[in-house]
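Before any comments, here is the structure.
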RNA sequence: GCGCCGGUAGCUCAGCGGAAAGAGCGCAAGCCUGCGGAGCUUGAGGUCGCGGGUUCGAGUCCCGCCCGGCGCACCA
C-alpha cells in the first residue's frame, strides 16, 4: 500500500511538472499511516515539503498534486487536509482482498522475509554465576529473548548467546566463600573472606560438598573444586529460572575457555603491537588517550597473578564474535555497563575491527513496587527478591509482559499488586481475555453447527461493517509494527500494539448489534472469518513476546 | 566535575519532525434477560521541566540551564 501511494504521488508530481503546474524539483517526502484513522489510510507531506520551493501556500501545492493523481478503483478518496497533507482512503474492496490474502497465508502472514536469512547474534542476560538471578536480570532476559523472537519472525537466522565470566576475581571470591563455609560446617574456625559472598545459597553449596566428600577437601590446596561446585550449582539454578521464564540459549561462552584458548594473550599482544599498552603502578593499562577515552583502563591487575580484568576478556570475546561472520551482533546491557561497553568498542576499533554490525539495547533499572512502596533491594537484608521468587509470585506471562511494557531506556516500576490482579486493569489479562473471548466465540459457533468457512470465496466480505473493517485494518498492519519494533530495537511496541487491538476488540464486542453468532447465517459466517483473523493476530503477537494465548481463562 | 538515560494528566507511562497532545489506573456519573460484565459508555483533569535556536511545522532535532536515576574500580 505504501509503495503504491508513493508511486502515485511521484507520478502525479512528475506530470504536474511536465505540464508546468509545478516548477521545483521533487523534494523527499514521506508516506505514512496517519495516527488518526479519520484522516484516512495513508497520508503524505509532499506538498508541505515542496511549498517553499514552489513559493506557494502548502494547501495550494497539495491541490495541484491531488489533481494529477491518477484515479484508481482501489483508492476511494484523495483529499487535501490540514496544513496541506494529502490523505488517501483505500476502497473496501482493497481491504477485502488484503483480508483474503492474510487468511490464505495463515500463520505465515504474520512473518516476513525482511531478514533474508541474515545471521544475527543476540547476546543477552550474560549474568555471572555468582548468585541467583535478580529482577533486573529478568528485564534483560526478556528483552533479549523477545528481540530474538522478532528476528526469527522476520526471516533472520538467530543465535541466542550467553557469555559469562568464570575466571576472575569474583569467582575466586565465590570459591573462597564456599571453602570457608565448608570448613565451618566441618567445625573449624575460619576467617570468612573479606568481601565474600554472604548469601545462604553459599552454605547450601558447602553442605553439598560435605555430603559428597565429607572432610576430604579440608586440606585441598586448590580453590578449583569449590569454585567449580559453586559454578555448577548456581548455573543450574540460573538455567532453571530461565526455563521458567521461557528463555533459552543456543550457545554459552565463558571467560576461562577464552583464556585457555590463548585468545586473551592474543588481544594483549595486538594492543601492545599498536602501542596502546602502558605499564605503571604494577599493572598493565590500556591507554585511554589514543582511543579518545577519558583515562587509562587496567588490562592486567597488579599483584603476583597478573589476572586479566573482565574488560580484557570482553575484548577477546568481541573479537571472537566478530570473527564468526554474523551480519548483526546485538547486545543487551544494563545502564551501568554503558561506559564499559564503549571502552570495549573503542579498543576493537583501535585494533582495526569493523564494528558497524554492533547494536546495543540499553535498559534502565527495575524497581519492585508493593503497596505503593518501593521494595528495598539489598543483598544483606531479607527483603531481597530473586527473579525466581518473582516468577513464583506472578508467573511467566505477567513477568514477561511487564518487563516489555516500558521503553527499555526508561526506569521500570514493576507493580506487584497490579501484576497479581486478574482484572482488566492488568494489561496482560486484558489482552489474553480478548483472545479467550474470540476462542470462546469460535467454540460456541462450532457447537451451533456453524463452521468457519474453509473456502474464502464462499463468504461475502462486503458484509463486514465499518467497525469490523477498521479492526481488520489494524490487524493487517501488525507486520509493519513488528518491522518497526525491530528497526528501532524497541520490543515494547508489540505489547502496546496488542493492548490497543484488544481494546478496540472489547469495545466492538460489547455492542449488542455486533453479535458474531446471529440468526443471519451468511453474516455469521463472515464475522467468524473475521474473528479468526483477529484471533490469529493476537495469538501471534503474544507468541512474539513469549506470553501464552489462553483458550479459556 | 565528566558521561549516558529520563522529566508529557493526580499516579504509571505511550507518542517515526506533521493535523485538535493519547492510554491505563485513580476520580465522578452510567450500562448486566446478552457469543464470557475478567467487559463497555460518558465526563472532569495538560505552561509536554525552564529558556533560546533550527524548521513551512518542535513533546519530538540542536544549545544552555534545573531536577531525578545510573556510571566514572586493579567489581562484572
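Assorted remarks:
- Difference of contour (0.36 nm per residue) and Cα-Cα distance, residue A:172 to residue A:463: 97.7 nm
- With 10 Å bins beginning at zero, the pair-distance distribution over Cα atoms of the stretch A:142-228 amounts to 16, 37, 16, 14, 13, 3 %.
- Available extension along the chain between residue A:411 and residue A:104 is 106.3 nm, counting 0.36 nm per residue and deducting the alpha carbon span.
- Over chain A, DSSP H runs of length four or greater, each weighted -39,500 (n - 2.57), average out per residue to a 222 nm ellipticity of -16000 deg cm²/dmol.
- Cα-based helix-to-principal-axis angle, A:310-322 vs chain A, degrees rounded to 10: 50 degrees
- Full extension of the segment from residue A:470 to residue A:24, taken as 0.36 nm per residue of separation minus the current Cα-Cα distance, would add 156.8 nm.
- For A:367, A:134, order by how many other beta-carbon atoms lie within 10 Å, fewest first: A:367, A:134
- Kirkwood hydrodynamic radius of chain A, from inverse mean 1/r over distinct Cα pairs, in Å: 27.7 Å
- Order of A:135, A:332, A:375 under a 10 Å beta carbon neighbour criterion, fewest first: A:375, A:135, A:332
- Inverse mean reciprocal Cα-Cα distance (Kirkwood Rh) of the stretch A:423-544, Å: 15.1 Å
- Among beta bridges from DSSP that stay inside chain A, the antiparallel ones total about 50%.
- Take the Cα of residue A:353, go 7 Å toward its beta carbon, and the backbone nitrogen atoms of the stretch A:108-141 under 15 Å from that spot belong to A:121-123.
- Cα-based helix-to-principal-axis angle, A:92-105 vs chain A, degrees rounded to 10: 40 degrees
- Exposure proxy for A:416, A:456: other Cβ atoms within 10 Å of each Cβ, ordered fewest to most, give A:456, A:416.
- Against the main long axis of the alpha-carbon atoms of chain A, helix A:135-153 sits at an angle near 50°.
- The Rg/Rh ratio for the stretch A:2-90 is 0.93, where Rg is the radius of gyration of the alpha carbons and Rh is the Kirkwood radius.
- Label-point gap, in nm, between residue A:2 and residue A:320 - each point 7 angstrom along Cα→Cβ: 3.9 nm
- Between residue A:72 and residue A:232, the simple label model (points 7 Å from Cα in the Cβ direction) yields a spacing of 6.6 nm.
Values in this text are rule-based calculations from the coordinates and carry no lab data. Predicted, not measured: the structure shown is a model, and the values here were computed from it. Ideal geometry is used to build each Cβ from the backbone, glycine not excepted, and the neighbour counts take in all protein chains shown.
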